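Let me begin by presenting the structure, written as C-alpha cells, before commenting on it.
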Amino acid sequence: MLKPKQNILLTLIHLLLKNTESFTGKDFKKRVKIAGKFHDEGKKDERWQKACQEDYERFQRGEKYGSSLTKVKMRHEIASLTLLKHKNFSEPVKVAIAAHHGKLSHKHSSRWSDNEVRGAAELWEMFQQISENAFPILSSNQFESALKKHYEFAGVRAYVQLADHRASIKENIDPRFQFVPSITPFKYEFPYTQKRPVQEIAEKYADDMLLLLRAPTGAGKTDAALLWAKKQIEELKRADRLVIAMPTRFTSNALALNVSERSIAETGLYHSSAWYVRHQEIASLSEEDEHKERLIHEFARFLETPITVCTIDHLLTALTLSREDHHTIVFNFAHSCLVIDEADFYDDFTQANIQKLLIAARTLEVPVMVMSASLPDASLKLYEDAGYSNVTIREDISDLSRQRCKVASIKEYSELDEISDIL
C-alpha cells in the first residue's frame, strides 16, 4: 500500500525547482521519503487492525462500512511514532508523521493522551516544545528566523499529506472517485510578434528580487507579468509556479479569466467565493463532478496549480498558520514568484499587512513584482521598510500621450431631467 504513496512523493519532490537543501542545510528528499515510508506504521496496532477487519467484512457483505474505523479510540499516526520511537527520526519527520491526517493541533489535543496510545502525552509535550522553540514571542527581528524554521518543517509535513491524500483517492474502490488534479509545470508562450514597452521592462529587470512596475491601463501588464514569471521559473530557476494576488474577489475573477486565455498552463482561482464563481455549476451535475471540482478548488487553495490567482487576504491569512492547510500554502508560496496587482488599491491597514508579506517573500527568497497604473513614489518607503534596498519604480511612459477619450458635445442644462437621455 505504501509504494504508490512513495512514487507520488518522488514525483512531487522532482517538481520542486528551489534547492530546499541549500535553503535549510538539511536533506529534504530523505526526510520526505522516510516520513512517507513509515507514516502508516501505526496501522499494525491491534485495535486498528480489528476495526479495519470489521469494516472489510461489512464491505464484503455489501453493507455500509467505515463506522468501526471512525469509532476506534486511537490515532494510527500517534501509534506510528510510538512504535518507531527507536528510529530516532528528526523533528520534521516526526511532525510530518503526526500531522499527515491534519490532527496535530490544539483542537485535537485530547487525542494525544496516554489513554489512547501509551507514550502519546510525552509526544504531545515534545511537539509543544518544538512549536515554542520555533515560534517564540516575536520581536521585530525574529519574524524572519521563525519563517525559516517553519519552512524546514512545513515542506515534509505538506508533501506527506499531499501524497497520502492523493494515493488514498487513487485507491478508492469506486472508479468514479479516483480523479486527482494533474500536477503540471508552468507554461506560457508570448502570443504576439512584438513586445510592448511594459513587457520589455518586465523582462529587462527580471533579475531584481523586487520589481516595481508602473504603467497605464491597457499597456499590457498582464502579459508583462507572465513574461516576468516565465523568466523567474524557466531561466533563473527561482520558482516553479506563479501566484498573482489581487485586492478583491471581483478583480481576481477578472484576471483569472484573462490569464487563462493567455497561458497554456492551468490557472487556479481561490478566494472566499471562488467555489460559486468557478465550480458550483459543474459540481451540481453529478457526484463525480462534485468530487473533481472540490479537488481542483482545493488545489488552487494550496497554490498547487502552476498559476494561481487569489486575493491578497488568502496569503496574509496563511501566514497566521492558524489552520492545517496554512502550512502547505506557506511552503508552496516559498516556491512561487509573486505578482501583486493593483498595488495602489489597498487601504493603510492592508498596506501594513502587505509589508509583512513582503518581509516573508524576501526571507523565503520569493521574487516579487508589484504593478499598478498609479504606483506613487511615496510608496517606496513601504518597500524599503520591508528590507529591500535600492528600490526604484520602473515606468512605461510610452503610452501616456495617447488620446483615450474626447468631448463629443457640450449641452447646457439647469434641471437634471434635461440630460436624462445622456444619463
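For this structure, a couple of remarks:
Every residue, every condition in (1) more than 14 Å from Arg157 (Cα to Cα); (2) of a type in the set (A, V, I, L, M), yes or no:
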| site | (1), (2) |
| --- | --- |
| Ser22 | yes, no |
| Phe28 | no, no |
| Glu54 | yes, no |
| Gly62 | yes, no |
| Thr70 | yes, no |
| Met74 | yes, yes |
| Val95 | no, yes |
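- Within the stretch 146-187, considering residues that are touching a Lys or Arg at 6+ places or on another chain (Cβ under 7 Å) and outside any loop (DSSP other than H, G, I, E, B), the one nearest to Ile307 (Cα to Cα): Ala163
- Among residues of the stretch 227-254 being among the aliphatic types (A, V, I, L, M) and within 18 Å of the chain's Cα centre (by Cα), the one that is farthest from Ala334 (Cα to Cα) is Met246.
- Top-ranked residue in the stretch 264-303 [being more than 24 Å from Thr350 (Cβ to Cβ) and of a type in the set (A, V, I, L, M); ranked as surrounded by the fewest Cβ atoms within 10 Å (Cβ to Cβ)]: Leu285
- Some residue of the stretch 366-383 being open to solvent by less than 30 Å² (accessible area, probe 1.4 Å), in contact (Cβ under 8 Å) with a residue 60 or more places away in the chain, more than 22 Å from Val198 (Cβ to Cβ) and not in a loop (DSSP other than H, G, I, E, B): no
- Looking only at residues in the stretch 231-279 that are assigned to a loop (DSSP other than H, G, I, E, B), touching a Phe, Trp or Tyr at 6+ places or on another chain (Cβ under 6 Å) and closer than 18 Å to Ala202 by Cβ, the one that is modelled with the highest pLDDT is Ala265.
Each row is one residue, and each column tells you yes or no for (1) open to solvent by less than 40 Å² (accessible area, probe 1.4 Å); (2) part of a helix (DSSP H, G or I); (3) among the aliphatic types (A, V, I, L, M).
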position	(1), (2), (3)
Phe23	no, yes, no
Ala35	yes, yes, yes
Lys50	no, yes, no
Phe89	yes, no, no
Val117	yes, no, yes
Met126	no, yes, yes
Glu132	no, yes, no
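One line per residue, one yes/no per condition, for (1) assigned to a strand (DSSP E or B); (2) β-branched (Val, Ile, Thr); (3) open to solvent by 50 Å² or more (accessible area, probe 1.4 Å):
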position	(1), (2), (3)
Thr305	no, yes, no
Leu316	no, no, no
Thr320	no, yes, yes
Asp325	no, no, no
Phe333	no, no, no
Phe349	no, no, yes
Ala360	no, no, no
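- For the stretch 73-84, the criterion of a residue being at pLDDT 85 or above, in a helix (DSSP H, G or I), surrounded by 15 or more Cβ atoms within 10 Å (Cβ to Cβ) and charged (D, E, K, R) is satisfied by at least one position.
The values are calculated or read from the model by the stated rules, or taken from the named source; none is laboratory data. Note that the structure is predicted; figures quoted are calculated from it, not measured. Note: ideal-geometry Cβ built from the backbone for every residue, glycine included; neighbour counts use all protein chains shown. Note: areas computed on protein heavy atoms with side chains; ligands, DNA, RNA excluded. Shrake-Rupley method; radii C 1.70, N 1.55, O 1.52, S 1.80 Å.
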